[in-house]
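A short write-up of the structure that comes next.
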Amino acid sequence: MPYTLEEIKKLPKTDLHVHLDGSIRLSSLIEFAKKLKIELPSYTVEGLKELVFKDQYKDLPEYLECFGYTCAALMDLENLEQAAYEFAYDAFNDGVYRIEPRYCPSLMLNEKNLYNNQDIITSIEKGLSKASKEINEIIKSSDEIKNNLDQYPWADKEFSYTHILCIMRHWSPTDSKSYIEELLSIREKTDLPIHNIDLAGPENGFPVSLHKEAFELTHKADLTKTIHAGEAAGPESIVEAIEIANAKRIGHGVNLFNANYPYPESKKTELIKNMIDNKICIEVCLTSNLQTLPELEMKPENHSFKKMLDAGLLLSPCTDNTTVSNTTVSEEIYKMQETFNLSGANVESLLACGFRSMFRVKSHFS
C-alpha cells in the first residue's frame, strides 16, 4: 500500500543533497536582513514567497536570485550558527535523521573580510552540533520515537550530520587548488569536520577536468566527493565526475536519460553498470529540477526518475533547497510516489538507500 503524506513524515529519512544557504527560515532571513541592514523586497514571509521564493520560477537565473538574499544575510557568524541550528530542527521535524548540508564558506565571507573560511565552518558546526545534541536527547526520552525507529532496521537510531564543502566550478584551477589546501590546513589544526567535498556552480563550460589538480589533493587526503553532474550537461559530465573526481555520489544526474544530450547507448550502459557496481548513489532533487529545467514543463512525469529506478540505480530523494524550492523530503517522496506509482516497498527502499549512502561523521564540539 502507498503511504499518505503524514505517514511519510513519520518514516526515518535522510537529506543528502541540501544547500544550507537555500534552506533558511524566511522569518529568520527577515531578522538577519534587518540586523545587517540588507534591503529585501518584502519584510513579511508572505511577501517574500510572492516576490522571491516561489513555487515556480521562469528559469534558473530567477531561481538563483534567491541566493543573493540568503548569502548576504549569512555573512555574519551569529546568523550562520542560528541558521544551521534551525535547519537541523526543521529537518528533524520532518522525520529526517541524517542531514548533510553543503555550502561554500567562501560565498559567506563578510565583505569587509572580518571572517575567514575557518570562522564560517566553525559557526555552522556550532549550530549543527548544538541542535544535534538536543535532538538526540529528545529521541532518548521519547518511547514513541524509539519505537517508531525500531520498525525500520535500515535506519539510524539517532540524529546525525556531516558537512559537505563546495568547490565552485567557475573558479580558476589555481583558486580551487588553493581552497582545498586551505581546507586541509584547517583540518590539520582543528577538529572541524572537513571530510567531504562537492563541486557546484555552472556546469556548462566548467568541466570537472578544470579542477583536476584540486581533486588530486582531495584523493591524497581521502576526502569523499559528491559532484553536481548531469544537471545542466549530459552523461559525459557524470563520467568525468566519477573518473576525475572519484565521486561516490552524483548530485541530480537528471540528464542521464535526456534525449537532448545524445550519448552512445553502449557507453550509457557501461556508465550505469559502473554506478551500480560501485554503489554510486544519485541524489534526486525532483522539485528543484522541475523549477530550473524549463524542458520538464513543471510536470513531474517528465523527470527521468522512473528510468533511473528501472535501471537499478541507487537513488536517494533530496530537497536541494528547502526554502528556495519550498519543499521537504517528505513532500519529495510523496510526489515521487504519486507520480510514478511507487509501492510502500519502493519508498522504503529509497529511504534505506539514503542511510546506506551517508558520508562520514566527525566528532562534534563538546
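Surface exposure of segment 194-301, expressed per residue as accessible area with a 1.4 Å probe, stands at 40 Å². Scanning the chain for GluC sites (Glu not before Pro) lying in DSSP loops with no more than 11 further Cβ atoms inside 10 Å, the longest uninterrupted stretch between such sites is 112-296. Accessible area of segment 1-124 with a 1.4 Å probe: how many percent of it is carbon plus sulfur? Within segment 1-124, the accessible surface is 51 percent carbon and sulfur. Rolling a 1.4 angstrom probe over the protein heavy atoms with all chains in place gives segment 67-144 an accessible area of 39 Å² per residue. Taking a point 7 Å out from the Cα of Lys299 in the direction of its Cβ, the residues of segment 44-59 whose backbone N falls within less than 19 Å of it are 56-59.
Model label points for Phe340 and Thr174, set 7 angstrom from Cα along the Cα-to-Cβ axis, are 4.5 nm apart. Which one, Phe92, Pro300, Ile38, projects farthest toward the positive side of the charge dipole computed for the chain from Cβ point charges (K/R +1, D/E -1)? Result: Phe92, furthest along the dipole toward the positive end.
With all protein chains in place and a 1.4 Å probe, the accessible surface of segment 131-199 carries 46 percent carbon and sulfur. Backbone N atoms of segment 288-306 closer than 18 Å to the 7 Å Cα→Cβ label point of Glu65 belong to residues 291-294.
Within the chain, the cysteines lacking any other cysteine Cβ closer than 4.7 Å to their own Cβ are Cys66, Cys71, Cys281, Cys285, Cys318, Cys353. Taking trypsin sites (Lys or Arg not before Pro) in DSSP loop conformation with at most 13 other Cβ atoms inside 10 Å as exposed sites, the chain has its longest uninterrupted site-free stretch at 113-278. One decimal place: the segment Tyr43-Lys307 gains 90.8 nm when fully extended, by the rule 0.36 nm per residue minus the C-alpha distance.
Dipole check for segment 212-366: with +1 at the C-beta of Lys and Arg, -1 at the C-beta of Asp and Glu, and the Cα centre as origin, the magnitude is about 480 Debye. Taking the DSSP bridge list for the chain and keeping only pairs wholly inside it, about 0 percent are antiparallel. Taken as Cα centroids, segment 308-353 and segment 122-189 sit 21 Å apart, rounded to the nearest whole angstrom.
The values are calculated or read from the model by the stated rules, or taken from the named source; none is laboratory data. Remember, predicted model here, so these are calculated numbers, not experimental data. Because the Cβ atoms are built from the backbone with ideal geometry, glycine has one as well, and the counts that use them run over all protein chains shown. Quick note on the areas: whole protein, heavy atoms, side chains included, nothing else; ligands and nucleic acids left out. Shrake-Rupley method; radii C 1.70, N 1.55, O 1.52, S 1.80 Å.
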